[in-house]
Amino acid sequence: MAKEQTKKITSIGGSALIEGIMMRGPKKTMIALRTAPDKIETEEIEVKTLREKYKFFRIPFIRGIAGMIDSLKLSYKSLMISANKAIDAIEVEEEEMGKFEKWLNDKLGEKFMNAVMTLASVLGIILAVVLFVWVPGLLYSGLTPLHPFFDNPFLRSAFEGILRIALFLGYIVIVSRMEDMKRVFMYHGAEHKTIFCYEADEELTVENVRKHRRFHPRCGTSFMIIMLILGIVIGLFVPSFTTLGVWGTALRAAIKIVLLPLSVGLGFELIQLCGKHDNWFTRIIAAPGMWAQRITTREPDDAMIEIAIAAITPVIPDDGSDIVNNKCCK
């Protein structure tokens, strides 16, 4: 597909949900959900970001850390709303429910769903730390006794970083084969295409949105890939502690977790740079993430594009305060 010919760059961004999309503008955040074949529900989300509350979090590099925290909170809140709406949209006959299910539904209801989602999030974070931080270091520590060649900080950092990227992409590929996740990735594509349509200064119609690309340089997928690559560079400066054995691997992993805000801050500035400018330097930076979006996005159907349009339209400010660049390269 031809390169996008954008006329402006917006700060509006979003995320795919369960049968819906969240769009966030400078003044308003909105979610749009498909609750029936012919029904779209919208809901505004009140959000007060760290950067709005405290000037400290507007400082370059620091603002990236605040932005990630705000995005995680907002994404979690939006996902909870979409999950609850999805459950409400499924009609379950009372007589088909077991006694235990009835008790849970009557006594706990939404609270139970929130508790399950919270527990899943905590377990997910623990699994991510073990799989993406500790395991790569542990595996490389098993190589160092084999030959002095492996006692090399550059090789260690490269091995750990490449393995993390492979695990991340492998996980996404496996998840993408699930039917429900295929639909989420289709909504992800609809989100990107709709933002591109707006940045091309075209009317937001299904026909106009459909013709745009589904790969966007400011995507969260690109941000994750950039962070993983930055982790390789940062890992060069973290000692290996090989004399401490397994405890040394754990200590190195702990230091890398402490240094994670550095990767977040640098990654945020780079993704912002890629979003505002189009030149050889930004294209090189964005290339790995744009490639990864071939996995995390799919071509949406027209009904999904309708959802994306319903989500973005209310968050577009009348005063143009969302526009960060009006002289984008063509």
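The values are calculated or read from the model by the stated rules, or taken from the named source; none is laboratory data. This structure is a prediction, so every number in the text was calculated from the model and none was measured. Methodologically, a virtual Cβ is constructed for each residue, glycine included, from the backbone with ideal geometry; neighbour enumeration extends over all protein chains shown. Accessible surface areas use protein heavy atoms only, side chains included; no ligands, DNA or RNA. Shrake-Rupley method; radii C 1.70, N 1.55, O 1.52, S 1.80 Å.
Within region 251-266, the set of residues being in contact with a helix residue (DSSP H, G or I) (Cβ under 7 Å, 6 or more places away or on another chain) and either in a loop (DSSP other than H, G, I, E, B) or not polar (S, T, N, Q) (or both) comprises 251, 252, 253, 256, 257, 259, 261, 262, 264, 265, 266.
Filtered by the rule that a residue be part of a helix (DSSP H, G or I), polar (S, T, N, Q) and under 15 Å from the mean Cα position of the chain (by Cα), region 267-301 gives 272, 293, 296. Taken over region 8-58, the criterion of being in a loop (DSSP other than H, G, I, E, B), touching a residue at least 60 places away in the same chain (Cβ under 8 Å) and surrounded by 15 or more Cβ atoms within 10 Å (Cβ to Cβ) is satisfied by 8, 11, 12, 18, 19, 25, 26, 28. In region 183-195 there is at least one residue matching the filter, namely being assigned to a helix (DSSP H, G or I), among the small types (Gly, Ala, Ser) and open to solvent by less than 30 Å² (accessible area, probe 1.4 Å).
If you go through region 285-297 and keep only what is of a type outside the set (S, T, N, Q), within 10 Å of residue 214 (Cβ to Cβ) and crowded, with 20+ Cβ neighbours inside 10 Å, you end up with nothing.
Please verify whether residue 214 is modelled with pLDDT under 90, more than 21 Å from residue 127 (Cα to Cα) and basic (Lys, Arg), treating the condition exactly as stated. Criteria not met by residue 214.
Out of 168, 154, 159, 150, one residue alone is aromatic (Phe, Trp, Tyr) and open to solvent by less than 50 Å² (accessible area, probe 1.4 Å). It is 168. Of the residues making up region 196-222, those that are among the hydrophobic types (A, V, I, L, M, F, W, C) and either in a helix (DSSP H, G or I) or farther than 14 Å from residue 304 by Cα (or both) are 196, 197, 200, 206, 209, 215, 219. Residue count for region 223-261 satisfying the condition of being open to solvent by 40 Å² or more (accessible area, probe 1.4 Å) and closer than 30 Å to residue 274 by Cβ: 11. If I filter region 310-330 down to residues being open to solvent by less than 60 Å² (accessible area, probe 1.4 Å) and over 18 Å from residue 6 (Cα atoms), which single residue comes out as nearest to the chain's Cα centre (by Cα)? By that ranking, first place goes to 311. If you check residue 264 against the conditions, is it open to solvent by 60 Å² or more (accessible area, probe 1.4 Å), aliphatic (A, V, I, L, M), over 19 Å from residue 32 (Cβ atoms) and in contact (Cβ under 8 Å) with a residue 60 or more places away in the chain? No; evaluated as a whole, the condition is false for this residue.
All conditions but one from (1) out of contact with any helix residue (DSSP H, G or I) (no Cβ under 9 Å at 6 or more places or on another chain); (2) modelled with pLDDT of 85 or more apply to residue 1; the one that does not is (2). Whenever a residue of region 135-149 is under 17 Å from residue 244 (Cβ atoms) and in contact (Cβ under 8 Å) with a residue 24 or more places away in the chain, its partners that are part of a loop (DSSP other than H, G, I, E, B) and open to solvent by 100 Å² or more (accessible area, probe 1.4 Å), lying with C-beta atoms within less than 9 angstrom and at least six residues away or across chains, give the pairs 144/151. The condition (being in contact with a Lys or Arg (Cβ under 8 Å, 6 or more places away or on another chain) and in contact (Cβ under 8 Å) with a residue 40 or more places away in the chain) is satisfied by just one residue among 214, 252: 214.
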